[in-house]
Amino acid sequence: MTVVKSTLPEEALGVTGTALQDTLVDLLGLSLVGKQAHWNIVGPRFRSIHLQLDEVVATARAHSDTVAERASALGVPPDGRPETIAATFALPGTKDGWLRDTEVVELMVSSLEAAIGRLRERIEATEKADPVTQDLLITITADLEKQRWMFEAENHPRGTSAG
């Protein structure tokens, strides 16, 4: 049953709907990875990384809402159910138990990097199908790249010059 009629042609809607759904799963999963790490981080940089994880979670959650609403506006029902996330999430996740601060930084860099790579593929795929969605994906990519940079800088070797 279609409740909202899309303004996009069928083929473009298929490409765009898939890009939005896959992005929704990545963002919701990324927010869960960030919260899991937030609750289990230990180490000398606990506080700063603990707070930085909240920024990633807030960013991912805010963008997931925008992505889901974009899908709805196009007549594609977004699926953020836990079972959908569990079945289709493909980014690196946490192990169970306590996580050293250095492990958390490495995890977040790799998870964000994977999400960014997937977003860049979707940006390319939506270029002709729906430039509005492409623009949204570009914005999300920029925000995740900023978060990745901040985490990557956390593990820069101490005692070496930046050059």
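The values are calculated or read from the model by the stated rules, or taken from the named source; none is laboratory data. It should be emphasised that the depicted structure is a prediction, and the values quoted were computed from it without experimental measurement. Methodologically, a virtual Cβ is constructed for each residue, glycine included, from the backbone with ideal geometry; neighbour enumeration extends over all protein chains shown. Areas reflect the complete protein model, heavy atoms only, side chains present, ligands, DNA and RNA absent. Shrake-Rupley method; radii C 1.70, N 1.55, O 1.52, S 1.80 Å.
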Worksheet item: Of Gln147, Val105, Ala68, which is farthest on the positive side of the dipole of segment 65-157, counting Cα position, with +1 on Lys and Arg Cβ, -1 on Asp and Glu Cβ, and the Cα centre as origin?
Response: Ala68
Worksheet, complete the sentence: Mean accessible area per residue over the chain (1.4 angstrom probe, all protein chains present, square angstrom) is 55
Worksheet, complete the sentence: With +1 at each Lys and Arg Cβ and -1 at each Asp and Glu Cβ, the charge dipole magnitude of the chain around its Cα centre, to the nearest 20 debye, comes out at 400
Discussion item. Quick one: 3J(HN,Hα) in Hz for segment 88-94, Karplus 6.51/-1.76/1.60 with θ = phi - 60°, rounded, Gly and Pro as x.
Written reply: 10, 5, 10, 8, x, x, 7
Worksheet entry | Among (i) -0.29, -0.80, -1.00; (ii) -0.33, -0.79, -0.95; (iii) -0.50, -0.89, -1.03, the entry that matches log10 I(q)/I(0) by the Debye sum over Cα atoms at q = 0.09, 0.15, 0.17 Å⁻¹ as calculated here | (ii)
Worksheet item: Are there trypsin sites (Lys or Arg not before Pro) in segment 59-163 that DSSP puts in a loop and that have at most 15 other Cβ atoms within 10 Å, and which ones?
Response: Lys95, Arg158
Worksheet, complete the sentence: Computed, not fitted: 222 nm per-residue ellipticity of the chain from DSSP H runs ≥ 4 (each -39500 (n - 2.57)), nearest 500, equal to -25500 deg cm²/dmol
Discussion item. Suppose each label sits 7 Å from its Cα in the direction of the beta carbon; what would the Trp149-Glu10 distance come out to in nanometres?
Written reply: 4.4
Worksheet item: Carbon-plus-sulfur fraction of the accessible area of segment 29-69, 1.4 Å probe, in percent?
Response: 58
Worksheet item: What residues have an amide H closer than 5 Å to that of Val42, excluding those fewer than 5 places away on the same chain, when H is modeled at 1.01 Å from N in the peptide plane?
Response: Leu99, Arg100, Asp101
Response to the item:
Note on segment 43-163: contact order normalised by length, alpha-carbon pairs under 8 Å, 6 or more apart, percent, works out to 27
Worksheet item: Rounded to the nearest 0.05, what FRET efficiency do Ser110 and Ser72 have when you use their Cβ-Cβ distance and R0 = 35 Å?
Response: 0.65
Worksheet item: Does segment 55-97 come out rounded, prolate or oblate by the C-alpha gyration tensor, with a ≥ b ≥ c the root eigenvalues, rounded set by a/c under 1.5 and, if not, prolate when a/b is larger than b/c and oblate if not?
Response: oblate
